[in-house]
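Step one of this worksheet: look at the structure below.
Read the figures in this text as sums done on the coordinates, not as results from a lab. Keep in mind that what you see is a predicted model, and the values were worked out from it rather than measured. Don't worry about glycine lacking a Cβ; one is built from the backbone with ideal geometry, like all the others, and counts go over all protein chains shown.
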Amino acid sequence: MPEVIALPATIEMEMKALVRDGHYANLNEAIKDAFRTLLNVRPELKTSAVIELYKEGEISMGKAAEMVGVSTIEFKDILVNRGIRREVGSRSKKELDEGVELINQLRK
């Protein structure tokens with residue numbers, strides 16, 4: 001279920017006025033635009049949000065790099081510079097053996 005966010009009364013009034021004046025289709029569109037603008041003006045916030053999504057496993061390394069607008073190697077450097085260690089999982093021996101067996105079967 002989405003979290004309900006309460007805006008300060010003045011901000012809500014101003015945003016609703018922009019909707020009434022035709023700048024936005026609805027309040028939700030105005031809020032989305034405000035957030036996108038915030039992240040464009042403060043790119044370090046976007047980077048922090050993307051790193052958090054990556055750390056929580058919600059996005060891949062490649063997707064994180066894409067969202068920040070850098071290469072995967074550059075994103076890895078960003079993580080290192082922020083003192084974030086990457087956890088690289090490995091497959092179990094059983095999984096590797098099954099993978100080798102599958103490859104051998106496909107070659108036949």
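Each residue of segment 92-108 was assigned a 3J(HN,Hα) from its phi angle through the Karplus expression (A = 6.51, B = -1.76, C = 1.60, θ = phi - 60°), giving 6, 4, 4, 4, 5, 4, 5, x, 5, 4, 4, 4, 4, 5, 5, 6, 6 Hz with x at Gly and Pro. Taking Cα atoms only, the orientation of helix 43-55 departs from the longest principal axis of the chain by about 40 degrees. In the chain, Cα pairs under 8 Å separated by at least six residues give a relative contact order of 10 percent.
Axis angle, to the nearest 10 degrees, between helix 27-41 and the longest C-alpha principal axis of the chain: 70 degrees. Of 105, 79, 54, which is farthest on the positive side of the dipole of segment 45-108, counting Cα position, with +1 on Lys and Arg Cβ, -1 on Asp and Glu Cβ, and the Cα centre as origin? Of the options given, the answer is 105.
Residue ranges 61-73, 31-43, 96-108 sort as 61-73, 31-43, 96-108 when ordered by packing (mean number of other C-beta atoms within 10 Å per residue, highest first).
Using a ≥ b ≥ c from the Cα gyration tensor of segment 18-92 (square roots of the eigenvalues), is it rounded, prolate or oblate, where a/c under 1.5 gives rounded and otherwise the larger of a/b and b/c decides, a/b for prolate? Cα axes put segment 18-92 in the prolate bin. Counting only helical runs of four or more DSSP H residues, what would the 222 nm mean residue ellipticity of the chain come to if each run contributes -39,500 (n - 2.57) and the total is spread over all its residues? After summing the helix terms and dividing by residue count, I get -21000 deg cm²/dmol.
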